[in-house]
1. From the list B:486, B:414, B:421, B:441, exactly one residue is closer than 30 Å to residue B:546 by Cα and away from chain A (no Cβ under 14 Å). Which is it?
2. With respect to residue A:67, is the statement that it is farther than 24 Å from residue B:220 by Cβ and open to solvent by 40 Å² or more (accessible area, probe 1.4 Å) true?
3. When the range A:126-144 is examined, which residues are found to be open to solvent by 10 Å² or more (accessible area, probe 1.4 Å), at the interface with chain B (Cβ under 9 Å from one of its Cβ atoms) and closer than 18 Å to residue B:642 by Cα?
4. Out of B:232, B:228, which single residue is more than 9 Å from chain A (Cβ to nearest Cβ), of a type outside the set (A, V, I, L, M) and under 20 Å from residue A:50 (Cα atoms)?
5. Which of (1) in contact with a Gly (Cβ under 8 Å, 6 or more places away or on another chain); (2) closer than 25 Å to residue B:242 by Cα; (3) more than 16 Å from ligand 1 (Cβ to nearest atom); (4) more than 7 Å from chain B (Cβ to nearest Cβ) is the odd one out, the single condition residue A:79 does not satisfy?
6. Listed residues B:642, B:580; which is of a type outside the set (A, V, I, L, M) and within 14 Å of chain A (Cβ to nearest Cβ)?
7. Among what's in the range A:70-108 and is away from ligand 2 (no atom under 16 Å from the Cβ) and of a type in the set (Asp, Glu), pick the residue that is most open to solvent (accessible area, probe 1.4 Å).
8. Show the residue pairs that are 6+ apart or on different chains and have beta-carbon atoms under 6 Å apart, the first residue being within the range B:189-201 and touching a residue at least 40 places away in the same chain (Cβ under 8 Å), the second being open to solvent by 50 Å² or more (accessible area, probe 1.4 Å) and outside any loop (DSSP other than H, G, I, E, B).
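The values are calculated or read from the model by the stated rules, or taken from the named source; none is laboratory data. Note that the structure is predicted; figures quoted are calculated from it, not measured. For neighbour counting, all protein chains shown are included, and Cβ atoms are generated from backbone atoms with ideal geometry for every residue, glycine included. Areas reflect the complete protein model, heavy atoms only, side chains present, ligands, DNA and RNA absent. Shrake-Rupley method; radii C 1.70, N 1.55, O 1.52, S 1.80 Å.
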Amino acid sequence: MGKHITLQVDGSSHDFDMADPTTPLLYLLRDDLGLNNPHFGCGLSQCGACTVLVNGTPMRSCVLPATAANDANITTLAGLGTPEHPHPVQQAFIDEQAFFCGYCMNGWVMTAVALVRDKPHATDAEIRHAFSGLKCRCGSHMSIIRAVKRLTEAA
Amino acid sequence: MVAFNQLMLSRRRALCTGGALFVSFATSACSSSETTAATGMGSATKPALTPPELDSWIAVKQDNSVVGYFGKVDVGLGIQVAIAQIIADELDVGFDQVSVVMGDTAFTVNQGGASGSTGLELGSVSVRNAAAQARAQLLAMAAAKFGAPASRLTVNDGIVSLADEPGKTISYGDLIGGRYFDYELTWNHKIGNELLVEGTAPLKNHADYRVVGKSIPRADIADKLFGNEVFNTDVRVPGMLHGRMVRPPVAGAIVVKVHPESVQLLPDVQLVVHNNLVGVVAAKEWTAIQAAKLLKIDWSTPKPAFPAEADLYKTIESAKTVGKGGPKPTGDTKATMAAASKTIEATYLWPFQSHASMGPACAIVDVQPDHVTIWTGDQKPHYVRDGVAALLGVPAAKVHAIWLRGPGSYGRNDGGDSAMDAAVLSKAVGKPVRVQYMRIDATAWDPKGPASVHKTSAGIDANGKVVAYHYRSIAFSRENIASHPDDPTQSLAGQFMGMPVSSKQAFDVPDETYDFGVQHLDWEVVPALLDRASPLRTSHLRDPLGPQINFASECFMDELALATNMDPVAFRLKYLKDKRGTVVIEAAAKAANWQPQMGHPGKPQGVLLKGRGMAFARRKDTRVAVIVDVEVDRHTGRVWPRHWFVAHDCGLIVNPNTLRRVIEGNIVHATSRALFEEVAFNPHMVTSVDWLSYPILDIKDAPESINITLINHKDDLPLGAGEPSSRPVASAIANAVFNATGIRFRQAPLTKARVKAAFI
Ligand code: FES
Ligand code: FES
């Protein structure tokens, strides 16, 4: 009998019996809950494709053991907003037509959510600093920066 | 009258009606079931999915919406919207009425997938022809309905109206909705990129386009941002198991013994072993990952397959030639150079580079006794179908490939291989199997862009005129494995299972049309480094061969400008025999307020050095000129391209805003390749396996601005835009670094270490 954990994911509560307590959070979200995001990009905490907010902080779910997130509030991309009530960050990225394939999106969007919350007037250097380390293979960087500046320069 | 009858009657129906005129169309014996049933005109059954059938391209639904079937796919550059724009205009419907189905082999013909920036240049042509023909068919139906000639009909948003008779309107949906045209277009009997169908209906003048030319946003961006897009990695089918592959630890190793007991503590793990192909299958993805990691295999210890990385270019230059080619030389380059008053020469080096897609490839394959289904994100789904069919030995007609968006793909990445692997595993375990590779599979084991050496030389006469030019590429082939994943012998699965390995020998020379009178451009290909499944096998990577060939040729143009005491822009304008090329160079120079650069920059002092450089590229008929302002940090060796000016001519522009994004993406991706990307290896194995060992551009190194001048040719057809602006990026950066530092870097990438070392 493994460890029992509870996660709040995008507003609903889920219980898990952890047969393997080392299972990363990513696999509970994708495999057990059937969520379509976050994505697997590296499994090494090097890219950001798997990013979710854990109690408001962007975390790499590919390396975070699910047991370490017990009782946490987890927000995925799909939990930020809806087409009817988009999160301002979602709206800014749509308006900017950011991203190509979009596979990297979770890292950039979740980091942007935390950034504009914590630093609503972030400068160009602060934006680049906050995003540093995230990968986008398609080269969406210009539109990503512009999308965030739609919020930081309007705030 | 005769004209629109011909439009209306397909060849097949013409047989049926005995080629009768339009009056008999509504009354002929064939017509009651086939054409004018109460539900509308057209045929009730869908003709087979073949290229000439109009129904293979366009469907009109009862609600007056239109579906376009596109045999290529949108890997993130927005072509789905562009195709819908073209259909909307040719068919006279609103953009919002059109949806576009892409890449599903049950609904689209093989137009070659995403390939060679041909989505609009080639792919849209057939779609456009079909849409124009569909409009003509619909107008003919409306004419029959109203008993009036088609010339009196007008169409707006798919509603046909009879001129001067206000009540007489009918929608496309009411004419044919849910039924089929059953009309045959003329087909050139090719498949893939070259596939072309044509109708008899006239095409619209571009001047009459209302939707083409508008910056309509991509709908998939919002879908993705709300988490609503189902990527191919998100497919889950009932009974699906998870597979992972186990690759040899060194290149060329073969399986000596597999130890199943090493994974016996994990729940329900199945092993699949065929010669040197090894996979694990489990119910849970995390279990499969653990099993692949824990599975103990005794591998052989083959002799080193590769040279030391430091000897790569020496190895290329000294290897035997297994293929050569190039355009016919003009004049005697050797003799002209010998007689010249000055000669200069230079050698440029370009490394192996990896696709390293953002997500390792994924495929789900369900091999059933009489049918195979594939869910793939590969950019060439029809070829994936053909490859899996050949691997399994079943007819392609029994294999259905469903394409869903996957991680961005830039040529032959690991996508095709993943479908082959999943097919082997699914067949072995009798269940649908999802294989997603791990990062090491995507970075160490994906097909690589080839490493190359480029030798350039030129002769200059006493008046400072270039009178002879020689350009030679010596390189690994562009395709150790084919760029289409349609042949199992060209896949990792096939090669690990022991299928014979063969390699096409081809490379290329510059596309830009400088004319130095006497010139000789050629290429030589050297053998692949390993005669079996190799982590250094080459295939197409974005703008295959473009960046490396251009790096040598456009940097050498700057070297020639210096040697002839000319400004680099003026030098190009003098020797370039290409009017459209001249226009983009002038446009970029104007946007950047280019000031002539005369003479050697010397040895500038200071820590942060600034410079500006330019480069020109032609890719097929698309032209791009770029100017970049760089900053070079002498202490760290960091090169930061801060500001770009791009002038871009890709013919008719279908969607300007999306085109601007595509150009930005090319500039950034190609900057990453120019400054950071180099496959690392030792004599045994590729050692760049993840984002630390295969670093790419970080956002701190992204430019501050990319200024884009779009040159629109409203009278032209749309040309390629998905890759051409990648081509001149490395060259322009190196030229700008020379301008900043006085140091000519002839080896890519211009890494910090390389640049820093040059200052010492
Ligand atoms: S998948 Fe988690 S950081 Fe890359
Ligand atoms: S948009 Fe493709 S990886 Fe970022």
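1. B:486
2. no
3. Within the range A:126-144, A:128, A:129, A:132, A:142 qualify.
4. B:232
5. (2)
6. B:642
7. A:84
8. From the range B:189-201, the pairs are B:193/B:122; B:197/B:187; B:198/B:186.
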